Structures are given as structure tokens and as C-alpha cells.
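What follows is a set of notes on a single structure, which appears directly below.
The values are calculated or read from the model by the stated rules, or taken from the named source; none is laboratory data. Note that the coordinates shown come from a computational prediction; the quantities given were computed from them, not determined experimentally. No Cβ is skipped: glycine too gets one built from the backbone with ideal geometry, and neighbour counts run over all protein chains shown. Protein only, heavy atoms only, side chains kept; ligands, DNA and RNA dropped before computing areas. Shrake-Rupley method; radii C 1.70, N 1.55, O 1.52, S 1.80 Å.
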Amino acid sequence: MFRRKAFSLLKTMPLKSGASNFASKFIHPVIAFHGHGCHRTSVDYRQAQDSPGSARGQTITAPQTKVMAEEELPGVLILGVGGTHGVLEDLAALLKKHFRLITMTEFLENKREISKKIQSIFVFECRPTIDRKLLESLPNLKVIGNSGVGVDHLDLKMIANFGVKVTNTPHAVADSTADIGMALMLASARRLVEGCQIAVSPDTKYFAVDWLGVEVTRSTLGIIGMGNIGYKVAQRARAFHMRILYHNRKQRRKEEEEAVGAHYCEKIEDLLQQSDFVMLVVNLTPETHKLIGKKELGLMKPTATLINISRGAVIDQDALAEALQNKVVRAAALDVTYPEPLPRDHPLLKLNNIIITPHIGTATVQALRMMAEEAIANMLAVLNGQPIPSEVFPK
Amino acid sequence: MEYQELPYVLIDYIGGKHGVHEDHVEFLKKYFHLITLKEYIENKKFLSEKIRAIYMWYHKPVVNEELLQSLPNLKIVASSGVGIDHLDLKLLSGYGVKASNTPFIVSSDTADLAMALMLASSRRLVEGYQMAVSPDTEYFPADWLGDAVSGATLGIIGMGSIGYKVAERAKAFEMKILYHNRNRRNKEEESAVGAVYCEKIHHLLQQSDFVLLSVNLMPATHKLIGKRELELMKPTATLINVSRGLVVDQDALVEALQNKVIKAAALDVTYPEPLPRDHPLLKLKNVIITPHMGTATKKTRLLMMENMIKSIQAGLMGLPIPHEVLL
């Protein structure tokens, strides 16, 4: 029945100054126009297609649809609202504009009635866990909308067998994750965390002049994984006059390479041997599991720094702890580990040449909002039978 | 050149926490006969006439009237770094002694650190690290958030070599860049980094998410940022200082941070350095302080040394001094 209703494109909120108006970036042009049996409220496509720079700071408002009773909206299952793991209140409010929000608690209390209503699941910070039992109990489930780009926590094959689609949010995460990659590289190179400790320590009487870090400007950055995020890292690193090498499943087009001054290394060994900073920006897949192990660390320069903004399991953590202890590499900076958090007695926590951050690659007000918007647009596209901007397929 | 013919150059001391870097000494000794302050004091009669230059590494040795009077053949004081607020140029000039600094080569490292501070502050990197390693941490909460750097507005106060390099870097983060400077940069320079000139500093303060101080310290910039300027800033804004501590009214800053008049501060410089251990800035959660490490990389320190050697050689030969500091 909902196919005949007009779903408004996301009415975008005025965002904090400078934050990009995200909706314009990811709404598939087809969604903007084609009816496919739905009464499509028209949106000025030219506005939606503005370049990121010009869209910034403007609000693109799609005309309001007629207000629908809550029960008529498709149901979306979430873990819960608020608390330490639940969907943030602001994001829940965004979801409520397009969905009937159903928490796990509500679902479990009244499975029989509610299970039929759930057509989508919004997975936030890997929750709720999607297992066979859950999928079997949701006969009308059409789509799992993941907040975030990594889907290694989802069994894509199993989900596909139930005829359920999976979508992620590759565009929303890119800027904030690239920023964290740069933040970790700079903090590690310049010994920022140690420096802060010295500056505030009760024992500090003077600042030693011979206390030094390593340069970032004009050094060599090797990017392993040149997708959306990796490319944005390259754009930023170029402004620091870094020499940029990259390794990727596929070589990028010449124009893309030239725009950031990146050189392709078909062999990962070549990248490892030449880089002062090695940054991991890959998906976690069977091919990238423990991509960086003892051999790879041994190939890196002893003055090099390893930065990981992918997934913890891309690195052999035991090999890394050993390499750091024996100064096989200079330092590491990790936004991701396996597991998260690490057990409190883990060797990585005892080293002084490592920075670890608590998986904050997308932990900004702006990024979370954009991720929710991107997930919502994807889920609505599936439910409307529209082309899906970011569907993820099992291998 | 025979050893005896090498010019005698006064330094403070070698090694330790404040001295000339040990691994610079071999190279320096190819050009100069280095005399430490201790050696000089022990043998003043012989050495006072020999010393023709001072290699001032991180503001030491301190050059005062007494020292100048006792070094009749002193021609030049080469100072490390770009800041010269610690030099009494009038006094030196009165004794016919020239001074030099090491601008430009320090700019990239200092710009890099400014970016590092902005990113670390905005994304709460130091707090995040503490959470990640704390023995009490059981999980990472979902509602723990920072603010974006990409797409935000950066206001640069002081668009010299360092400020401009920060603008180049910030542009790649798609930041909107405002700047305030004694002189407006030319159109090409502005458009190369997309920087918009704010003739009035308050326009910059009112619109910026990040306010960066990259000015020289001089009478006009002393306490440039005080209570009024902090109140003009957004309550969501962050102040970043890579200039000198005295450019900021520190008491006003403490109050502003305590009362959330601004969101946070990230300071590579304070007054004094280090701060007294009971200073309120050390207790605030929304401040990061680093130990004046704008140029603290091996490469840059080597370049600074090489620069200073050239300046001293030129000064002793009566040639134009690269990077002479004039009154």
C-alpha cells in the first residue's frame, strides 16, 4: 500500500556551519525523478546535484509529504534509543520521520503482532546482532540498513538467503574517517600524546630541547586501500607535500592519480619498503584478514609508522606488538583493534610507541547525522523498489 | 683550514636538556671553535677577545649588557627559530652586533603541528586515547562524540609563512578559511588557498569554528586575545596557539574555558614555559597543551643549525647576512 504514497526525499536539516549538506551528495538522481508507480514529489535535481563546496551550509528542502499516521509508516527495528549502545536521540528523531520506530524490547514483548510490521532494521554500532533466529522471525523484512561502511559484522550470505538486502553508508563516513587518519598520523609523528603528558605532569620542571618527533611534510605516505576514504586521505596528505604511494585491488584512473599525485604500487612490498607512514584503509574481507603480519612489518622502514583506520583484524596484532617492542617499526596509531576494547592486560596497551583511540573514525555529530540520513535513503529506496545507492552484495 | 683559524663561537653548553644537540656538534666543529659558557668564564682573559659570534640555541646563552661589554669583537648573534621576542635588538645594535633568526624552514613543521592540534582537539584524541588504555574501560560508548574539522571554518590570525602553510593544509580538508593580517595578501595568494580577508578581527572571531594564532610576539600583539576577543568567539569554537604564550591573556583564557565561553583550547605555547604546576590551565579538561614543540623534528633542527652557520659565516666576513633581524 505504501507504494502509492509519496515519500518525501529527506527534508534536510540546517547543519552546523560548514558541515556539508549531505543529502545532496548521495540521493541517486533516479530517485529524484522517476515515479515507478509512486507519486514522486518533485525536487529540483540541479539543487541536489550541486558540488559539495557549493551545497555546504545551504539547506535543500524537499517539499513536505502529506503527514502519515505513524502506523502506516514502514517499521524499522533498532536496538534501542539512548544509553551507551542505543541509537542517539537526534538520529532516532530522523528515523521517526520516515519509519515507525520499533525497539528490540518492544519487539520481544510482542513478537507475534510486531514481527510482521518490521520491514527494515537500522544497524547502529553493529547492533542489533543479526542472526538466523532474528531473520526467521521477521517475514516482511526487506532491508538491513547499516550505519557505517564496514559490514564485516554481518553474515552477508546468510542474509541474502533470506531475500533481505543490505546497505551501508560509504559516503557519510569518508570525510570524518579520513580526518581521523590524518589526526593519528600527525599525533604519532609529532608525539602529541606524550607531549601533552609532559606538559601537564607534576614532575615536569622544564621542556627538553632535544625531545624530537619526525616530520610529516615532504615524507612518504603509503595508502593501502584507495577507496572513498583512502582517496580523501590522499587529498589531505597532498597539501602536506607528502609523496603518496598507494596499493589497491584496482589501479585508479590516471586523472584521479594525478589529482592527488599518487603513484600506484602493484606490489604491496614496494609500498611498504618506501613509506614513512603506512595507512590501512581497506575493508575487512577474507583477503585482507591479517594483511599486515610479521613479514610486512619486517619490510617496513624501522623509522616508519603504521596507522590503522580499517578494522583491527587487518593486522596480526601479536606480530605488531612484537615489532613495536623490538623497534622493527617506529610506532603505530590505531583507531581500531580486535576486539574493541582490547583486554586490559593486552601487550599493545603497555607499549609507549603506540596511540590507540576508541574507534572514533565517525564519532562526530556531523558524521553520525549524515550516516543516519544515508542509511534512511538507502532503506527507503529498497522499500520503494527504487535503485539503491549503496547496496552491499555477498562475494 | 687550520684549527686555530676557525672562528671562536660562544655556546651555552652541549647535550643535556637544553644544550646544543650532541649530534650537531661534529658538524659545527668543522666551521667553528666552540666555546661553552663554562669554558669562557674559566678563561675570560684569553677568550673574551677571541669570541666573534654567539650561537644562541633556544634562547641560550642569554645575552645581556655585561656579556656584550666583555666581548669586544662580537659581530653577530645567530638565534635558532623564527621568534625574536627574547632578543634585545636595541641593546645589540648599540654594541654594533647583528642578529639573525631562522624563518621559513620552521614554517612547515609549525603548520603541521597547528593542524595536529586542531585535529586532536576537535576529535578529542587525547581523551580518546586515555579511554582506550584506561584500566577501567569496559566498552566504548556510542554517544561519545567530537566535532568535524572537514568543512568547518578556520580563522587564521597572522598570515605569514606559517599561517599561509596552515591555510594550504586546511584547504584540503575543505575548510572555509578567513584570515586577519597586518597586510592583506595579494589576490593570487588568497585564491590559491581560498582565504577571505577580514580587515576587522572581530568578523573573523565571530564566524570561526577554529581560531589559530600564528603571529609574531611584539607590542601590538601582546595580549591580542583577551576577554573581549574570547567573548566574540562562538561558544562552540576552539582557540589554537602556535605563536607565543603572551599573545593570549592567560587569565582571561582560563575564565573563558571554565565558563564555557569558548569550547576548548590547544596551546603549543604558554607563558611561562612550562607553566607552574598548580596553574589552572593544567586542570581544565577542555585544554590540550604541548611542550613548545613546533620545530621539534630532527630534520628541521638540522636545517636550523645549517642556517645559523651560514648566518654566522656571512656576519664574520662582512657579507649580507641571510635572515638578518633588523631593529
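Odds and ends about this structure:
- Test for residue A:159: is it in a helix (DSSP H, G or I) and in contact with a strand residue (DSSP E or B) (Cβ under 7 Å, 6 or more places away or on another chain): yes
- Condition check for residue A:295: touching a strand residue (DSSP E or B) at 6+ places or on another chain (Cβ under 8 Å), more than 25 Å from residue A:192 (Cβ to Cβ) and open to solvent by 60 Å² or more (accessible area, probe 1.4 Å): no
- Scanning the stretch A:234-293 for residues that are within 14 Å of chain B (Cβ to nearest Cβ) and of a type in the set (S, T, N, Q) yields a single hit, A:235.
- Applying the set (1) without any contact (Cβ under 8 Å) to a residue 40 or more places away in the chain; (2) away from chain A (no Cβ under 14 Å); (3) closer than 28 Å to residue B:286 by Cβ; (4) open to solvent by 20 Å² or more (accessible area, probe 1.4 Å) to residue B:179 leaves exactly one unmet item: (4).
- Residue B:224 vs. criteria more than 12 Å from chain A (Cβ to nearest Cβ), open to solvent by 20 Å² or more (accessible area, probe 1.4 Å) and more than 28 Å from residue A:181 (Cα to Cα): yes
- Some residue of the stretch A:113-123 being assigned to a loop (DSSP other than H, G, I, E, B) and open to solvent by 40 Å² or more (accessible area, probe 1.4 Å): no
- Only one entry of B:152, B:116, B:142, B:132 meets the criterion of being over 20 Å from residue A:190 (Cβ atoms), among the aliphatic types (A, V, I, L, M) and without any contact (Cβ under 8 Å) to a residue 12 or more places away in the chain, and that entry is B:142.
- Failed criterion for residue A:275 (all others in (1) surrounded by fewer than 23 Cβ atoms within 10 Å (Cβ to Cβ); (2) closer than 21 Å to residue A:311 by Cβ; (3) among the polar types (S, T, N, Q) hold): (1)
- Exclusive hit being open to solvent by less than 60 Å² (accessible area, probe 1.4 Å) and within 22 Å of the chain's Cα centre (by Cα), set A:193, A:151: A:151
- The stretch B:182-202, residues that are open to solvent by 60 Å² or more (accessible area, probe 1.4 Å), of a type outside the set (D, E, K, R) and more than 14 Å from chain A (Cβ to nearest Cβ): B:183, B:186
- Among (1) open to solvent by 10 Å² or more (accessible area, probe 1.4 Å); (2) of a type in the set (Lys, Arg); (3) within 11 Å of chain A (Cβ to nearest Cβ); (4) closer than 27 Å to residue B:165 by Cα - the single one residue B:301 does not satisfy: (1)
- Scanning the stretch B:293-327 for residues that are in a loop (DSSP other than H, G, I, E, B) and within 18 Å of the chain's Cα centre (by Cα) yields a total of 6.
- Put simply, of A:376, A:356, A:360 the only residue that is more than 11 Å from every other protein chain (Cβ to nearest Cβ) and not aromatic (Phe, Trp, Tyr) is A:376.
- For the stretch B:123-165, a residue qualifies if it is at the interface with another protein chain (Cβ under 8 Å from one of its Cβ atoms) and in a helix (DSSP H, G or I), and the qualifying residues are B:125, B:126, B:128, B:129, B:131, B:132, B:133.
- Taking the criterion of being open to solvent by less than 10 Å² (accessible area, probe 1.4 Å) and not in a loop (DSSP other than H, G, I, E, B), the residues of the stretch A:299-313 that qualify are A:305, A:306, A:307, A:308, A:312.
- Scanning the stretch A:255-272 for residues being open to solvent by 40 Å² or more (accessible area, probe 1.4 Å), under 19 Å from residue A:237 (Cβ atoms) and either touching a residue at least 40 places away in the same chain (Cβ under 8 Å) or not acidic (Asp, Glu) (or both) gives a total of 3.
- Every residue from the stretch A:208-217 that is at pLDDT below 95 and either buried (at least 19 other Cβ atoms within 10 Å of the Cβ) or more than 7 Å from every other protein chain (Cβ to nearest Cβ) (or both): A:209
- Residues located in the stretch A:191-207, provided they are closer than 22 Å to residue B:19 by Cβ and facing another protein chain (nearest Cβ under 7 Å): A:195, A:198, A:199, A:204, A:206, A:207
- Qualifying residue in the stretch B:94-104 (condition: under 23 Å from the mean Cα position of the chain (by Cα) and at the interface with chain A (Cβ under 7 Å from one of its Cβ atoms)): no
- For residue B:75, the conditions (1) open to solvent by 30 Å² or more (accessible area, probe 1.4 Å); (2) modelled with pLDDT under 95 all hold with the exception of (2).
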